[in-house]
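Student: Quick one: structure below, then a few questions.
The values are calculated or read from the model by the stated rules, or taken from the named source; none is laboratory data. Everything quoted here is computed from the prediction, not taken from an experiment. Here Cβ is always computed from backbone atoms with ideal geometry, including for glycine, and neighbour counts include all displayed protein chains. Please note that ligands, DNA and RNA were not included when accessible areas were found on the heavy atoms of the full protein model with its side chains. Shrake-Rupley method; radii C 1.70, N 1.55, O 1.52, S 1.80 Å.
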Amino acid sequence: MMDVIIVDDELAGRRTLREYCEAEGDLRVVGEFGDGVAALVAIRSQPPQLLFLDIQMDPLNGIELARSLEPSQLPSLVFVTAYDTYALEAFEVSAVDYLLKPFDQERFRKTLERVRPRHLRSSVDERQALLAGLLAQLERGGRAPAEERPRLLA
């Protein structure tokens, strides 16, 4: 059984993740939070094995929250966001998965197919090293000038 914490500033996003987690026999949601500050307190007191983490939140965003986690309590991370700006960087380092909103249950299950084996076979040190690489990639993507980002006009 994997304990799960969901952190998303949107109620609908938390509800979707909770419902998808409840449909899985090996996931137990032990916390849901709408902001990173409250989530960090809960994660430190009861570390989950899996953390669904929105990137764009105030006052503590998902990247800052992930950097604040103790290495000994590092869970498997899945970033969940409506912004595709960070997606390529997340996949390049293969540290965790990245769910782009809106997603369906099939996509959620594909995420779990990546998370489950990685969680079972990786050590805290390996997850910490992968997380550090992912966070560096995400931060570089967030600082890229707007003209370098691809645009889609509709």
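Student: May I ask you to list pairs of residues, at least six apart or on different chains, whose Cβ atoms are under 6 Å apart, with the first in the stretch 20-35 being more than 9 Å from D3 (Cβ to Cβ) and the second being in a helix (DSSP H, G or I)?
Tutor: Once the first residue is more than 9 Å from D3 (Cβ to Cβ) and sits in the stretch 20-35, its partners that are in a helix (DSSP H, G or I) give Y20/Q105; Y20/F108; E32/R14; F33/A39.
Student: Shifting gears a bit: Can you pull out every residue in the stretch 34-59 that is more than 14 Å from P75 (Cβ to Cβ) and among the hydrophobic types (A, V, I, L, M, F, W, C)?
Tutor: First, the residues of the stretch 34-59 that are more than 14 Å from P75 (Cβ to Cβ): 34-38, 41, 54-59.
Across the stretch 34-59, the qualifying residues are V37, A38, V41, I55, M57.
Student: Within the bounds of the stretch 36-55, is there any residue that is within 18 Å of R140 (Cα to Cα), under 12 Å from the mean Cα position of the chain (by Cα) and open to solvent by 30 Å² or more (accessible area, probe 1.4 Å)?
Tutor: So in the stretch 36-55, the residues within 18 Å of R140 (Cα to Cα) come out as 54-55.
From the residues that got through so far, the ones that are under 12 Å from the mean Cα position of the chain (by Cα) too are 54-55.
Filter once more, keeping what is open to solvent by 30 Å² or more (accessible area, probe 1.4 Å): none.
No, that holds for no residue.
Student: Filter the stretch 2-27 down to the residues that are surrounded by 15 or more Cβ atoms within 10 Å (Cβ to Cβ) and either in a strand (DSSP E or B) or basic (K, R) (or both) and list them by number.
Tutor: If the condition is that a residue be surrounded by 15 or more Cβ atoms within 10 Å (Cβ to Cβ) and either in a strand (DSSP E or B) or basic (K, R) (or both), then M2, D3, V4, I5, I6, V7, R14, R18, L27 are the ones that fit.
Student: What number of residues within the stretch 98-153 are open to solvent by 60 Å² or more (accessible area, probe 1.4 Å), at pLDDT 85 or above and more than 16 Å from D84 (Cβ to Cβ)?
Tutor: So the answer is 7.
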